[in-house]
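What follows is a single structure, written as structure tokens, with notes after it.
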Amino acid sequence: LRDLHRFNVLDAAVGRLAAARASPAQLQVIADQFDAMDEDGDGAVTLGEFLRAAQAHAAPCDTFRDLAGQFDAMDLDGNGRVSRAEFAMALAMHGDGSLSVGGGCGSGGGGSGGK
């Protein structure tokens, strides 16, 4: 129960910070993107949901490792699920309020750096 309370407090704080950094229009785009990824409507995006959504947007050279790394970076509390607030914070910090999946083929963030 204590852990649940701690995560709720973190989610609320992250949500407030994201709202302070993004315009209302950006927040609406973020909400729409989140809802599109949240396949089961439970208010959180799993790695599987994220990967399925990313397939439509990722560069061909983006690997599972690249995409999983992006997911992990958004999962601020490390519970294996990205909440709406965590997602909003990640996109608000990105600057333009849009989902940017993958590192891109020429940016050094994607491709053949695997094991």
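Throughout, read-outs are computed from the coordinates displayed, never taken from laboratory work. Just so you know, these numbers come straight off a predicted model, no measurement behind them.
Per-residue extension of 0.36 nm, minus the Cα-Cα distance of LEU47 and ASP77, leaves a gain of 9.4 nm for this segment. Annotation: amide H-H contacts under 5 Å for ASP62 (H modelled 1.01 Å from N, sequence separation of 5 or more, or interchain): GLY111. Counted residue by residue at 0.36 nm each, then reduced by the alpha carbon distance between them, the extension gain from CYS61 to ASP40 reaches 4.7 nm.
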